[in-house]
Structures are given as C-alpha cells and as structure tokens.
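Here the structure is laid out as structure tokens; the discussion comes afterwards.
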Amino acid sequence: MNMPMPQGRQAWVIFLPGRGHQVVLGTAGTGKTTMALLRAEHLAAPTTDNHGRVLLVTYNNTLVTYLRYLQPESAQNITIETYGRFARGYLHSLGKMPAWNGIAGPADRRTWVEQAVKEVARNYQPSSFFLRDVGFFLDELEWISGMGIASLADYQKIPRRGRRRALSEGQKEAVWRILTVYRRLRTDAGRRYDWYDLASSVRSALAQDTRPRRYRHIVMDEGQDLSPEAIRSLVEAVDSQGSVTFFGDYHQMIYGQGMSWRSCGLNVQRVERFADNYRNTAEIARLAIAMSRMPHMAGDPEDLVEPHEPRAAGTRPTLVQCRDEAQEMEIIRAQAVDYARNGTVAVLARTWADARRVCQGLAVHRLHPDLNRWNAAPGIYCGAYHSAKGLEFDAVLMPFCGVTHMPHPDTVTALGEDDAATREGRLLYVSITRARTDLLLTYSGTVTPLLPTDDALYAKVTP
C-alpha cells in the first residue's frame, strides 16, 4: 500500500520538530490519521535529525489493523499498537504482568462491582443511590482510574467533567468505598489489574525504571480516546530527548474521560488546528457541522475545532422512515449489496449485536478486534459505531436511528438522559463522518433527537 499524500498544511505537521511535545487538533476528515502515520515514518527515517524508534499508539484494535495496512513495507523502527497492548507489554517486560488472567475482563469486573455496591450499601441507611444501574458505578470507577486519582481527598476536589450532574461529597465517599472493595475482590480473585488502571501501574513502574526508554518518539492517533493517565504514561515512557505528538478531535471523544490534553502532562507552546474536511462531500459535512453545534456536543471551546465545509459536492444524506425494524434491515441489506459492487460500504449500528443482526446472510468483513487484515477492495464492512473510529468508507449505512436505540437505553439507565445524549451524540457523529460520498440512515417510530431537525440536511424517504 502506498502512503497517502499530504494535502495543504498537513506537510507542516509531519515535519514539526523532533523534540518536545506537539498537539494537533482537527475535525473529522482533516487527515489526522494520515498525518500521524506520515509523522511516524518521518521520525523513524535515518535521514531525519534525532530519528529513532517510534511508537504509533491508538485505542482501537480495528484502527491498528488499518494503520498497519497503510504502513509501507519499507518503513522501519515503527511499532503500531493499542495502548492496552503497549501497557501490558511494558509491565510484562518488568515481570509485573502474569502470563494468564492478569487483567480483569468486563464480565468479572461487572460482577465484582455489583458485589462491592451491595457490601458498601449495608453500611448506609437505605438510599436510592445504591439502587442505580451498575453501569453508573462502572463508568465512575473507570473515570477515577483514567484520571489517575489516588485518594478520596483528590476525588473530592477534582471536578467531574463529562458528567453534567455532580455527585455530593457523601456520594463520592461511598463511590470511593465501592472502589476499594472492588479492588479487594479483584485481588482476591487473582486479577492484578483491569484495563482502566493499567496506566497508573505503568506510570508507577516507569518512575522506578532506570533502563533506557524503548521509544525515542511516540505518536498518538485519536488521542482524545486515551485516558489522561494513559497520555501521562506515554509522555513519561518516551526518551527525554525525543518527542510526543498528540492527534485528536474532541468532537469524537467517545470514552467519557471529559478532560483536556492540557491536564495530561503535555507541555505545548502552540497548537496546530485543522478544519478543512478532505473526506466527506459538502452535503455530509453539513450534517456533521450541524451536529457539532448541537447543545449535547458542547465541550471546551479551546479544544473544539469548527469544521469547514468541503468543496466536493454530492447527494444529501438519505433519511428513511420505515414501518418497523424488519423493513429497516431489508433496506440496509439491499443497499449494502448494491454499494459493495463498486466500493467499500460500512453497515454501522450502535451495538455489535445489532450490526450482526442486520448483516446476517451477507458476506462481510467484521469491524471487530479480531480483524487482523485490512481489505480495501469493494465489499461490506459490518460493526458497531465504536469500531469505526479513524476509518473511512465510500458509503455508510446506519440502521436503527430511532429513539428506541439512540441514545442507547442502557446508557440512559446508567448515566441519565443528559450525559447519555453527550456520549451517544458523539458516537453518532463518529459514524456519520466515516462516509466519503453516500450516507443512508433508517429509523422506525420517531427519529432520534441526537440528529439535527433541519429538513434541508436530508433527502427524506418513506418506502
């Protein structure tokens, strides 16, 4: 695969200094992944001043597969992997990672948190707080770990960006007790870590590690999805004479940390900002721009980059009101087969189970962590919204864009309507902006309130 060519000011970013910290913020379609890959190649090239081994790190396994596909065979000294793989490998190099079952999986974590909530609740008067969905507590413990919060006193002081309704001091104390009990239950079961507190363990190990750093340069793609603690650990993992480059888009932040890169250990004098959309047609971009201006998409105005409308024209996104979900699936399947004759098409749903249900009977590539080879030939890709981060397709088909699916009921139950709208709205934005030229959305019942209501943005169809 040939490396993509830089456009406009992208070349400027590729050749930023090879020492210190760099931050590049850009909206969807501005070529952040292209710039990240080209910058990694530049920093690793023997002809570059201060060249050396490069880690190109991101959150998503599917994006790692895509980046490896784009990487030319001639590229040397570049490692492309997820943060989880980096952290696990580093701890293993120190003898701190068990060969098997060292990291708690989602099912065990949920079980132990449920047990911890019940145990802590017995020490309180009956309260509806402890009757909240376990998803709420899982999310809060993830946030604590991702922030690197090490004490109740710090937890009480640090504002919870990313959650609109703050917890009281008493509720925070209860959450901290739940966290303590959860960690005890996890340790008793022989699990030293979970995926969310790996970063703090990496930082602790790095502070005692006198070995030369493995990487001279670290490049983060889709950095907004890494927790602040993960970013801090990467800053500390790089050679002191090397560089860290952060590429991100806070409109696409989907993992809920709600924290700016400014609090993540990056020392930056200037931020490079990109707003020119090279991926989407003007019509698709107009929908994305309208979404970015909706109240639930609000964030730190210094981090959000307002997209510019591209010049390439196309057709308006199609919004199809169906009589039921069966008709939605019928339309999506037929359109997927049709689009796949001449290009790449992604069928994206809020959950993997829904995507699999829609794609049943079709020959598809699964956008799943076990996808180990990228195929750019015409065909159908099938996956959840999360798995499409950083990718692009000629066409994107999105079923179940009604109120019963978006925002997802489990997210609403766990986080409440306001916070769910923020999380789910950004997920929807991610998926819509994967489409180069064609976008089809279907719903039955009432359309999701996470989409703009301006009729001029869509070609509306009722079969």
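Applying Stokes-Einstein at 20 °C and 1.002 mPa s to the Kirkwood radius of segment 1-128, computed over alpha-carbon pairs, gives a translational diffusion coefficient of 118 µm² s⁻¹.
For LYS32, the lysines whose Cα falls under 19 Å of its own Cα, not counting residues fewer than eight places away in the same chain, are LYS389.
For the chain, CYS264, CYS322, CYS401 stand unpaired, since no other cysteine beta carbon lies under 4.7 Å from theirs.
Overall, the accessible surface of the chain at a probe of 1.4 angstrom is composed of carbon and sulfur to the extent of 49 percent. Debye-formula intensities of segment 85-204, expressed as log10 I(q)/I(0) at q = 0.10, 0.16, 0.17 Å⁻¹, are -0.32, -0.79, -0.88 (one equal scatterer per alpha-carbon, no solvent). Here the label points at THR315 and GLU169, each 7 Å from Cα along the C-beta direction, are separated by 6.1 nm in the simple model. Translational diffusion coefficient of segment 321-431 at 37 °C, 0.692 mPa s, Stokes-Einstein with Kirkwood Rh over Cα pairs, in µm²/s as a whole number. This corresponds to a translational diffusion coefficient of 228 µm²/s.
Extension gain for LYS118 to ALA11 (0.36 nm times residue separation, less C-alpha to C-alpha distance): 33.0 nm.
In summary, the lysines within cross-link reach of LYS157, defined as a Cα separation below 22 angstrom excluding same-chain residues under 8 places away, comprise LYS172. Here the extension length gained between ALA153 and ASP418 equals 92.7 nm, from 0.36 nm per residue of separation less the Cα-Cα distance.
The residues of the chain expose on average 43 square angstrom of accessible surface per residue, using a 1.4 Å probe on protein heavy atoms. With a Förster radius of 45 Å applied to the beta-carbon distance between ASP188 and GLN360, the computed FRET efficiency rounds to 0.60.
Between ARG373 and ALA275, the contour length at 0.36 nm per residue exceeds the alpha carbon distance by 32.2 nm. For the chain, the equivalent ellipsoid built from the Cα gyration tensor has semi-axes of 34, 31, 20 Å, listed from largest to smallest. The packing ranking of peptides 25-32, 90-97, highest mean first, is 25-32, 90-97, where packing means the average number of other beta carbon atoms within 10 angstrom of each residue.
Across segment 443-460, the residues whose backbone nitrogen lies under 14 Å from the label position 7 Å along the beta-carbon direction of ASP324 are 444-445.
The values are calculated or read from the model by the stated rules, or taken from the named source; none is laboratory data. Note that the coordinates shown come from a computational prediction; the quantities given were computed from them, not determined experimentally. All Cβ positions, even for glycine, are placed from backbone atoms using ideal geometry, and neighbour counts span all protein chains on display. Note: areas computed on protein heavy atoms with side chains; ligands, DNA, RNA excluded. Shrake-Rupley method; radii C 1.70, N 1.55, O 1.52, S 1.80 Å.
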